[in-house]
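Note sheet for the following structure.
The values are calculated or read from the model by the stated rules, or taken from the named source; none is laboratory data. Values in this document were obtained by computation on a predicted structure and should not be read as measured data. Backbone-built Cβ (ideal geometry, glycine too); neighbour counts: all protein chains shown. To get the accessible areas, we keep the full protein, side chains included, count just its heavy atoms, and leave off ligands, DNA and RNA. Shrake-Rupley method; radii C 1.70, N 1.55, O 1.52, S 1.80 Å.
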Amino acid sequence: MTDRPLSLDGKTALVTGGSGGIGRAIVDTLLRHGATTGSMDLPGCPPAPGAIDISLDLADPDATLHAVDAFAEEQERLDFVVHCAGITADSVVWKMPVEEWRRVLSVNLDSAFFLLQAAVPHLRKTGGGSVVLISSINGERGKFGQSNYAASKAGLNALARSTAKELGRFGVRVNAVAPGLVRTAMTESLPGEVLRTALDETALGRMAEPEDVAGSVLFLCSDLARHVTGQVLRVDGGQLTA
């Protein structure tokens, strides 16, 4: 281990959903610690200053393969992949339109599979690295009205654990980070009763900031986590302690 275990100097990273609240904080954090970072998001979603803008629809496997290949070849390496892209479309299961089920699973889970398929050859060529999938505590506990979202996040947890077993022999680590309630533009618009319930569930009595999630991603990408793989790290202030 180096004497600067959180340094990412000379490393490269790709972050999906890099223009959103959590994704932007992750991009900022990786940049500040020295990693050349590409922000992958839909066209018209500007990245954080200093990031490489990679516009695409992550639900398109061919576009994802092309974008990952182009970035890795230009940078001559790929060290870290963080999948943060995600959407919600809430409804109880008996009222949920089939297209909303499919859309959430496509954006949240299918895109992670496409991303890993594209990135693994480059991670292997680099000789190691770290993959972090941004999940949710609702992928472990479920959530009323979020069967599609919870199923997609549970799928990310299983994907992380399975691919950790597959990629460990190549020195590639795969983990998931499961936030609870995080202060973003989306959660700020939630009804007050929903916010109060979530805060009452926490042990720390506060909502997470995007930087709290980003710090956990930094840890999992760094040498400090060199022997951590196949794990789901909750960043929820104690919302889910079972």
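Values computed for the structure shown
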| quantity | calculated |
| --- | --- |
| GNM flexibility winner over the chain from Met96, Met40, Met207 (Cα, springs under 10 Å) | Met96 |
| Residues with amide H under 5 Å from that of Val177, placed H, sequence gap 5 or more | Leu133, Ile134, Ser135, Leu233 |
| Protein-only accessible surface order, largest first, of Asp90, Asp60, Asp3 at 1.4 Å | Asp3, Asp90, Asp60 |
| Rg and Dmax of the chain, Cα atoms only, in Å | 17.0, 55 |
| For the chain: lysine pairs under 22 Å (alpha-carbon distance), excluding those fewer than 8 apart on one chain | 6 |
| Point-charge dipole on Cβ atoms (K/R +1, D/E -1) for the stretch 1-148, about Cα centre, debye to 20 | 500 |
| Relative contact order computed over the chain (Cα-Cα under 8 Å; 6+ residues apart), in percent | 21 |
| Share of carbon and sulfur in the accessible heavy-atom surface of the chain [1.4 Å probe, %] | 54 |
| For the chain: accessible area per residue (Å², 1.4 Å) | 47 |
| GNM flexibility winner over the chain from Arg124, Arg196, Arg226 (Cα, springs under 10 Å) | Arg196 |
| Order of exposure, largest accessible area first, which applies to Lys95, Lys165 with probe 1.4 Å | Lys165, Lys95 |
| Mean residue ellipticity (222 nm) of the chain, computed from DSSP H runs ≥ 4 via -39,500 (n - 2.57), nearest 500 | -13000 deg cm²/dmol |
| Placed amide H near Gly38: partners under 5 Å, 5+ positions off or other chain | Ala13, Leu14, Val15, Ile52 |
| Table column - 3J(HN,Hα) (Hz), the stretch 190-202, Karplus curve with 6.51, -1.76, 1.60, x for Gly and Pro | 5, x, x, 5, 5, 5, 5, 4, 5, 5, 5, 6, 7 |
| Contact order relative to length of the stretch 1-141, as percent, for alpha carbon pairs under 8 angstrom and 6 or more apart | 24 |
| In sequence order, calculated HN-Hα J values of the stretch 101-118 (Karplus, 6.51, -1.76, 1.60; Hz; x Gly/Pro) | 4, 5, 5, 5, 5, 5, 6, 7, 10, 4, 5, 5, 4, 4, 5, 5, 4, 6 |
| Local electrostatic count at Val228 - Lys and Arg +1, Asp and Glu -1, tallied over other residues with Cβ under 13 Å | +2 |
| Rounded Å value of the spacing that divides the Cα centres of the stretch 223-242 and the stretch 105-144 | 15 |
| Highest-fluctuation residue, Leu190, Leu115, Leu181 considered, GNM on the chain with Cα pairs under 10 Å | Leu190 |
